[in-house]
Amino acid sequence: MTIFRTVGARLSLALLAVVALVLGLVYLIVVPSLRNRLIDTRLNDLARAAPKLVREYNQSQRDPDFFSNAAASTSARVVLFSVLTQSPTTLAPQQGSLPGRSLNAFFDDPVAIHSAKTALLERGTVERNGSEFAEAAIPIGRGTGKVLLLSAPLHDALADVHAVQRRLLFAGGLALIVALLIGYGAARIFAGRIRRLERAAERITSGRFDEPVADSGSDELGELSRAFDRMRVRLAGLDHARREFVANASHELRTPLFSLGGFLELLEDEELDEPTRREFLETMAGQVRRLTKLADDLLDLSRLDAGRLHVETQPVELANVASAAVDEFAGVALASDHPLEFAGNGAAAARGDPQRVLQIVRILLENALVHTPPGTPVEVAVRRADGRAEITVTDGGPGISSEDRAELFERFYRGESTKASGSGLGLAIAKELAELMGGRIELESKPGETVFSLVLPARDVKAREPVAV
């Protein structure tokens, strides 16, 4: 049946089984124990009374009221046996506490026979005519051939046991019903929380991240729900970043492609003069370079996201890398009227990937040259201090606002003061590459000065390793 496949039904049945097991154990332990205790108590009473009755019998053998008085004082039937034969031992009831009543039921009474054999006080239970009796038998002196038997019915004691049995069964049945109701209610609530979590997972699977996963419980299911909600928030952020990434990448690709298409149409004009044609070709080459750089940036980002971008960590001299980058951008700085200077400040050996370090310095230099007004001085410096080595790129531009600094290293982010030619990927790539090498990018900015620093772990000066340049 499908109802037993639900968590609620299974939890209810499990609780019901546990309660039934506990009640069954209580029944099996309490009822037999109570029964045995009541029987033992009756047997002990008879065993204590038997020696006393023997003494009274010996003192008043001819008292006609002895058996009736003994029966009244012990609440038991008193029977006197005579031993007929010793081997095998056979007994015959001779006199009882109920005159006129037949004593045939007491022939070969096992407790009396055992007492005659051992010549000791014996006790036990026997079943006679469908009823159970507690009995105690004791010989009357030695060599007399007589045994006195006290036989008490157990129906009153067993009736108490049966009453306890009935009450236990009734209480157990009531407890099972209550346990079933409580278990089903609690399981239904628990199953409802699981179903809410299941619906939340379905929403997240279908790409709907707007509705939070709410569960105020402090148990494991509540912790799981909060983990689901953290996952929802993370996935929502990733989905938003993916959408922005696709939109921005499409825009960055479409702009140069549209420009190239327009120039190609213009180049089809046969009346176009040669200087204009060369100008168009140079502009087209610039757009191709822009596309190539964007494609390289996107490829680096995809490799970073997939964890497939490998860096070769080795000793690298930052002064040599900074000098090479300054030489590479000297022409660009001259063309854009940016005084570019390299301040060595001595050697600064670090650990990192030389090619990726150079790539980061290129990004920082390009950022300083492109996004500051003409005439803004730019300085590249290296230094080593406190177990770290760093390359700094400092420009004397207007600075970066606090709003822009908060999101400057996000992908495709371009502040209000940023030129439209930038893709917004460079600083994001630089940050992730630096972290991949165990370093970081630091930013300090104020009006008139902006400093980007690539900080890397310094190389141990005691190590004698070849330094990459």
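The values are calculated or read from the model by the stated rules, or taken from the named source; none is laboratory data. Everything numeric in this text was worked out from a predicted model, so none of it was measured. Here Cβ is always computed from backbone atoms with ideal geometry, including for glycine, and neighbour counts include all displayed protein chains. Ligands, DNA and RNA are stripped out before the accessible areas are found, and what is left, the full protein with its side chains, is counted by its heavy atoms. Shrake-Rupley method; radii C 1.70, N 1.55, O 1.52, S 1.80 Å.
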* Asked: Just wondering, is there one or more residues in segment 165-172 that are more than 18 Å from Arg35 (Cα to Cα), aliphatic (A, V, I, L, M) and surrounded by fewer than 16 Cβ atoms within 10 Å (Cβ to Cβ)?
  -> yes
* Asked: Residues of segment 128-158 being open to solvent by 50 Å² or more (accessible area, probe 1.4 Å), assigned to a strand (DSSP E or B) and among the small types (Gly, Ala, Ser), which ones?
  -> Ser131
* **Residues of segment 310-324 that turn out to be open to solvent by less than 50 Å² (accessible area, probe 1.4 Å) and either polar (S, T, N, Q) or modelled with pLDDT under 75 (or both), as a count** => 1
* Among the residues of segment 108-125, write down those that are over 10 Å from Ile138 (Cα atoms) and either charged (D, E, K, R) or loosely packed, with under 13 Cβ neighbours inside 10 Å (or both). => Asp108, Asp109, Lys117
* To do: Filter segment 328-352 down to the residues that are charged (D, E, K, R) and either at pLDDT 90 or above or in contact with a helix residue (DSSP H, G or I) (Cβ under 6 Å, 6 or more places away or on another chain) (or both), then identify the one that is farthest from Thr372 (Cα to Cα).
  => Glu341
* Structure fact -> Apart from one, (1) under 24 Å from Val83 (Cα atoms); (2) β-branched (Val, Ile, Thr); (3) crowded, with 16+ Cβ neighbours inside 10 Å all hold for Val161; the odd one out is (1)
* So Tyr184 fits all but one of (1) surrounded by 15 or more Cβ atoms within 10 Å (Cβ to Cβ); (2) in a loop (DSSP other than H, G, I, E, B); (3) of a type in the set (Ser, Thr, Tyr); what number is the exception? -> (2)
* Do any residues in segment 144-170 that are on the phi > 0 side of the Ramachandran plot and in contact (Cβ under 8 Å) with a residue 24 or more places away in the chain have Cβ atoms under 7 Å from those of residues that are surrounded by 13 or more Cβ atoms within 10 Å (Cβ to Cβ) and not in a loop (DSSP other than H, G, I, E, B), where the two are at least six apart or on different chains, and which pairs are they? -> Gly145/Ser82; Gly145/Val83
* Test: residue in segment 80-101 that is closer than 30 Å to Ala163 by Cα, modelled with pLDDT of 85 or more and open to solvent by less than 50 Å² (accessible area, probe 1.4 Å) -> no
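Assess whether Leu272 counts as being surrounded by 12 or more Cβ atoms within 10 Å (Cβ to Cβ) and free of Cβ contacts under 8 Å to residues at least 40 places away in the same chain.
So Leu272 passes the test.
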* **Lone qualifier among Lys52, Lys117 - being under 30 Å from Asp160 (Cβ atoms), without any contact (Cβ under 8 Å) to a residue 60 or more places away in the chain and of a type in the set (D, E, K, R)** => Lys52
* Of the conditions (1) charged (D, E, K, R); (2) open to solvent by less than 100 Å² (accessible area, probe 1.4 Å); (3) over 26 Å from Arg411 (Cβ atoms), Asp229 fails just one. Which one is it? -> (3)
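Look through Gly344, Gly387 and report the one residue that is among the small types (Gly, Ala, Ser), over 14 Å from Ala458 (Cβ atoms) and surrounded by fewer than 20 Cβ atoms within 10 Å (Cβ to Cβ).
Gly344
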* Structure fact -> Counting only residues in segment 256-271 that are of a type in the set (A, V, I, L, M) and out of contact with any helix residue (DSSP H, G or I) (no Cβ under 7 Å at 6 or more places or on another chain), the one modelled with the lowest pLDDT is identified as Leu257
